[in-house]
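Values quoted throughout were computed directly from the atomic coordinates according to the rules given, and no laboratory measurement underlies them. Only a predicted model underlies this, so the values are computations on that prediction, with no experimental measurement involved. As a convention, Cβ positions derive from the backbone with ideal geometry for all residues, glycine included, and neighbour counts pool all protein chains shown.
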Number of protein chains: 2
Amino acid sequence: MKSREVALASRPVGMPKVADFEIREVEVPNPGAGEVLVRNVCMSVDPYMRGRMVDRKSYTPPFAVGDTLTGGAIGRVERSNHTDLKEGEYVESHLGWREAFVASDRGLRPLGELKAPASTYLGILGMPGMTAYVGLLEVAQLAEGESVFVSGAAGAVGSAVGQIAKIKGCRVVGSAGNAEKVRHLTEDLGFDHAFDYHDGHLTQQIFEGAPQGIDVYFDNVGGDHLQAALNCMRPNGRLALCGAIGQYNATAPVPGPNNLAIAIGMGLTLRGFIVSNFNHLRDHFMLDMTAWITGGQVKYRETTFDGIDKAPEAFIGLFTGANTGKMVVNL
Amino acid sequence: MKSREVALASRPVGMPKVADFEIREVEVPNPGAGEVLVRNVCMSVDPYMRGRMVDRKSYTPPFAVGDTLTGGAIGRVERSNHTDLKEGEYVESHLGWREAFVASDRGLRPLGELKAPASTYLGILGMPGMTAYVGLLEVAQLAEGESVFVSGAAGAVGSAVGQIAKIKGCRVVGSAGNAEKVRHLTEDLGFDHAFDYHDGHLTQQIFEGAPQGIDVYFDNVGGDHLQAALNCMRPNGRLALCGAIGQYNATAPVPGPNNLAIAIGMGLTLRGFIVSNFNHLRDHFMLDMTAWITGGQVKYRETTFDGIDKAPEAFIGLFTGANTGKMVVNL
């Protein structure tokens, strides 16, 4: 059988272009002994993948030109020669942006009985949801009743951050990229204040939502957002550095915040993290988040594209603000 | 009797000038009931005072033009109307850069029997020594055997940082501003590697001293030093943000490190602090540091100026690299 996959055709310079990606067709072999054939049902589209398209040392090696891109995916076992992996079972993998593939159990995580639609395991019950959970509760050590600012608040991670903070009795301010997202944050997700960062005046907007300043900043954007957040921090505040989507497409080094020295006098802690270093909290996360979703305390949205040939467009959309909530490609 | 004091004549713009200070003579009254007359024997000259000369909100209010500057001082009780403060006793105060003053016991800390020369209580046994101690052991959570980089390493804080790290079995790299200071760090204080930051190539120099990278960076300088340190951090590294002497005289906002996003992938923690928030560790500090000094494990130097009229020159010298170890004005 044939499967299409998405390869890196060239390293993007600045904003990625569709031509930086190649959709190619490959032959999928029959599963051998102990192997399964998996057909993916949806693929995750995440900002961090942009970093891997640059040829530099990081916590994961860069993609090579010609490589099949890898991101999270949920698939179903279509044929199985493995005793523990049943046909029809859902599995999560990071084995490539492809329609179908053959693998041993290595790199496959069976999802058991689904508690929500399959794509949810790429979003609120997956990496982005867990990123919000560990970043807020473990990295930033959020305490009940504090004030929180989250940037990129309408994204998959940001929207979870805000809602978890509300569950913890916190005041929540969020920034997003257009009026509809701002409305979504305050009217649908219960944020206390939200604003469109294109307005400028980031510092003023944060103070408008949190006049006493903020205890925790969850940074998805970097740059001007981080600088503004520093202006608003309360003593002993914590800043969870999760992402810097505002500079992923920069073609030259971007200056850091010019007010970092505020951290000295205010006793601030800035802590960077990647979610894969917090796998010991996965069970807690799954229990809490499943309960919050089931109880209606956490809502989630997806922005979907259909067909693997649309994956490059979906990916580019992350940087143009095309998504509210999790960006998913359905196959 | 008369006493001279140092007042702020004008807010310095850029590098402070002698004319920004005024030495003036005032009449010291007789001590009233419960009061003492203190004659200072030495005054502390510290970089952080530069920040208070700027009119902006910070952890301590700014000096007003015309104010007597305040910094640490050690004095002797010359006349006492206080039952617990004996004549001849040494006291530490932050009651102004003055030769003599009258005060109640408020703001006076009796030093008891001196374990070292009086000026030591402004340096290695005082605020700078304790800053090094809490910054390294509490803020940066230094562990035995790690690799440490400290900037401003020949200063009062930096030289203590390096020596404490050596006591903890760590590899220590330091930067300083001239060849004699570099020699002092490696030959007298036991640093594993030291370099003159004027050479440029900060990142290379740090890696030369710590080829596997550094676990802890103790930042006294900010700017290019912080940026270079970020390039060299190992996973889960900690950066204690103590000072930014490299930018205290800047006349425009200084861009932050352009590589702060490294903190995300490497899981770094940057934590700012001021020593006065760690007074609960004072007894531990005094015990440890007194033992280290007595045992010869920690050495210290002072750069001294004589006479209160030399205080402005001493202060300016902090920013021109005039001091090795603690800068003190003897009265």
Square roots of five times the Cα gyration tensor eigenvalues for segment B:127-277, Å: 19, 18, 17
Rounded to 10°, Cα long-axis angle of helix A:156-167 versus longest principal axis of chain A: 50
C-alpha center-to-center spacing [segment A:314-331, segment B:18-69] in angstrom: 59
Choice from A:Val91, A:Val38, A:Val18 showing the highest fluctuation, given a GNM over chain A with Cα pairs closer than 10 Å: A:Val18
Pairwise label distance in nanometres, B:Gln141 with A:Asn231, each label 7 Å out on the Cα-Cβ vector: 3.2
Helix-only [θ]222 nm of the protein assembly as shown, DSSP H runs n ≥ 4, -39500 (n - 2.57) each, per residue, nearest 500: -6000 deg cm²/dmol
Average partner coverage of B:269-277, which counts Cβ from other chains inside 10 Å: 6
Other protein chain Cβ atoms within 10 Å, averaged over every residue that makes up B:248-256: 4
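How much net charge surrounds B:Gly145 when only the other residues with a Cβ under 12 Å from the Cβ of B:Gly145 are counted, with Lys and Arg +1 and Asp and Glu -1?
Summing Lys and Arg as +1 and Asp and Glu as -1 gives 0.
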Label-zone membership for segment B:242-270, site B:Ser10, 7 angstrom Cα→C-beta point, backbone N under 19 Å: B:249-252
Sites A:Glu22 and A:Asn249, calculated FRET efficiency, Cβ-Cβ separation with R0 30 Å, nearest 0.05: 0.90
Counted charge near A:Arg39, where neighbours are those whose Cβ lies closer than 10 Å (Asp, Glu -1; Lys, Arg +1): +1
Ranked list, fewest to most other Cβ atoms within 10 Å of each Cβ, for B:Glu99, A:Glu35: A:Glu35, B:Glu99
Highest-fluctuation residue, B:Ser80, B:Ser58, B:Ser147 considered, GNM on chain B with Cα pairs under 10 Å: B:Ser58
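Taking Rh as the Kirkwood radius, which is the inverse of the mean 1/r over Cα pairs, what is the Rg/Rh value for segment B:1-148?
On the way: Rg = 17.6 Å, Rh = 17.1 Å.
Across segment B:1-148, the Cα-based Rg/Rh ratio is 1.03.
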Residue-wise HN-Hα coupling along segment B:293-300, computed from phi with Karplus coefficients 6.51, -1.76, 1.60 (Hz; x: Gly, Pro): 5, 4, x, x, 7, 10, 10, 8
Order of A:Asp219, B:Asp196 - criterion: other Cβ atoms within 10 Å of each residue's Cβ, fewest first: B:Asp196, A:Asp219
Shortest-first nm distances, A:Asn236 label point to equivalent points in other copies (7 Å, Cα→Cβ): 2.5
Local electrostatic count, A:Leu189, Cβ distance below 12 Å [Lys/Arg +1, Asp/Glu -1]: +2
All Cα pairs of segment A:94-178, percent lying beyond 15 Å: 65
Label point 7 Å beyond Cα along the C-beta direction, distances from A:Gly66 to other copies (nm, shortest first): 7.7
Debye log10 I(q)/I(0) at q = 0.05, 0.10 Å⁻¹ for the protein assembly as shown, Cα point scatterers: -0.30, -0.95
Debye, to nearest 20: dipole size of the protein assembly as shown, +1 on Lys, Arg Cβ, -1 on Asp, Glu Cβ: 20
For B:Gly317, label point 7 Å along C-beta direction: distances to other copies, nm: 6.7
Ranking of A:Cys170, B:Cys242 by count of other Cβ atoms within 10 Å, fewest first: A:Cys170, B:Cys242
Unit Cα scatterers, Debye sum, chain B: log10 I(q)/I(0) for q = 0.06, 0.11, 0.12 Å⁻¹: -0.21, -0.71, -0.83
Degrees separating the helix B:311-320 axis from the principal Cα axis of chain B, which is the longest one: 0
Relative contact order computed over segment B:144-261 (Cα-Cα under 8 Å; 6+ residues apart), in percent: 24
Too-long pairs where the Cα-Cα distance tops 32 Å, listed order kept, from B:Lys86/B:Lys181; B:Lys17/B:Lys115; A:Lys57/A:Lys310: B:Lys86/B:Lys181; B:Lys17/B:Lys115
